[in-house]
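What follows is a single structure, written as structure tokens, with notes after it.
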Amino acid sequence: MAEIKKLAATVRSGTGKGAARSVRREGRIPGVIYGGGEAPTPLSLDKKELTKLIYAGHFLTTIFELDIDGKPERVIPRDYQLDVVKDFPLHVDFLRLKAGSRLRVDVPVHFINQEAAPGLKRGGALNIVYHSVEMWVPADNIPDSITGDLTGLDFNDALHISAFTLPPNCKPTNPDKNFTVVSIAPPVVSAEETAAAAAAAAAPAKGKGAPAKAAPAKAPEKKK
């Protein structure tokens with residue numbers, strides 16, 4: 001299950017662009033919580049703390065327990081906007097998480113045992129089709145990642161989703177029931193290398209090939 005992080009927030013008054021600008025002038029970031037069968041709740045969050053969490057990575061797959069003026073609320077970020085010039089947060093949307101509900105998230109894919117894959121040891125390349133897999137997951141049990149074992153994979157071998165152990169009650173949204181997640185491609189041979197190999201194969205081997213020309217016969221010696 002993904003780690004649950006804590007984040008303080010306060011309810012803000014007013015909505016719309018004017019209210020949001022007013023929050024930013026105070027050095028804070030406007031946000032909103034929606035879903036869960038309740039009315040949206042406008043929020044104000046600490047700018048420095050929110051920026052750190054976003055740039056730490058995996059923000060959109062992290063569960064937060066918001067402390068909203070002393071009231072806990074479990075949420076997951078659904079979207080955020082950054083300033084196009086300075087890259088600081090402008091707004092963040094959270095989704096309420098209720099027990100028993102399900103949601104769609106992108107679950108990261110990790111790989112292990114690269115050193116046990118013959119195709120990689122012989123110079124092949126790891127061709128990752130999906131760096132993350134979109135899945136339906138329980139709102140109260142969002143997985144951190146899924147892991148693929150590359151042991152024994154050679155050139156043109158692949159791992160399909162059926163080779164992964166998925167967390168309980170998690171199901172990919174991909175309609176293909178056994179889609180390819182990763183494969184191993186053989187080394188790419190350049191045109192120059194191909195031409196050189198062909199020329200080497202066509203050339204006669206050293207010490208073989210056409211017979212050497214016979215030496216001219218000597219003229220018979222004259223009798224004295």
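The values are calculated or read from the model by the stated rules, or taken from the named source; none is laboratory data. On a predicted model such as this, the values are computed, not experimentally measured, just so you know. Counting neighbours? That spans all protein chains shown, and the Cβs are built from the backbone with ideal geometry, glycine included. The area values use the complete protein model at the heavy-atom level, side chains included, leaving out ligands, DNA and RNA. Shrake-Rupley method; radii C 1.70, N 1.55, O 1.52, S 1.80 Å.
Couple of notes before you dig in:
- Gaussian network model of the chain, Cα within-10 Å springs - most flexible of ALA202, ALA185, ALA116: ALA202
- Estimated from helical segments only, the mean residue ellipticity of the chain at 222 nm is -4000 deg cm²/dmol, where each DSSP H run of four or more residues counts as -39500 (n - 2.57).
- Shown for segment 9-89: the carbon plus sulfur share of the solvent-accessible area, taken with all protein chains present and a 1.4 angstrom probe, equals 52%.
- Between GLU115 and ALA163, the distance separating the two model label sites (each 7 Å from Cα on the Cα→Cβ line) works out to 2.0 nm.
- For ARG78 and VAL188, a Förster radius of 35 Å and the Cβ-Cβ distance give a FRET efficiency of 0.30, rounded to the nearest 0.05.
- Accessible surface of segment 92-162, 1.4 Å probe, proportion on carbon and sulfur as whole %: 47 percent
- Residues in the chain average 63 Å² of solvent-accessible surface per residue, probe 1.4 Å, ligands and nucleic acids excluded.
- For LYS177 and ALA199, a Förster radius of 45 Å and the Cβ-Cβ distance give a FRET efficiency of 0.40, rounded to the nearest 0.05.
- Cα gyration tensor category, rounded, prolate or oblate, for segment 11-87 with a/c compared to 1.5: oblate
- Cα→Cβ-extended label distance, 7 Å offset, between HIS58 and ASN141, nm: 1.8 nm
- Calculated log₁₀ intensity ratio I(q)/I(0) where the Debye formula runs over C-alpha points of segment 58-145, q = 0.11, 0.19, 0.23 Å⁻¹: -0.49, -0.94, -1.14
- Accessible area, probe 1.4 Å, largest first, for residues LYS6, LYS71: LYS6, LYS71
- FRET efficiency, 1/(1 + (r/R0)^6) with R0 25 Å, evaluated for SER22 and ASP87 via beta carbons: 0.70
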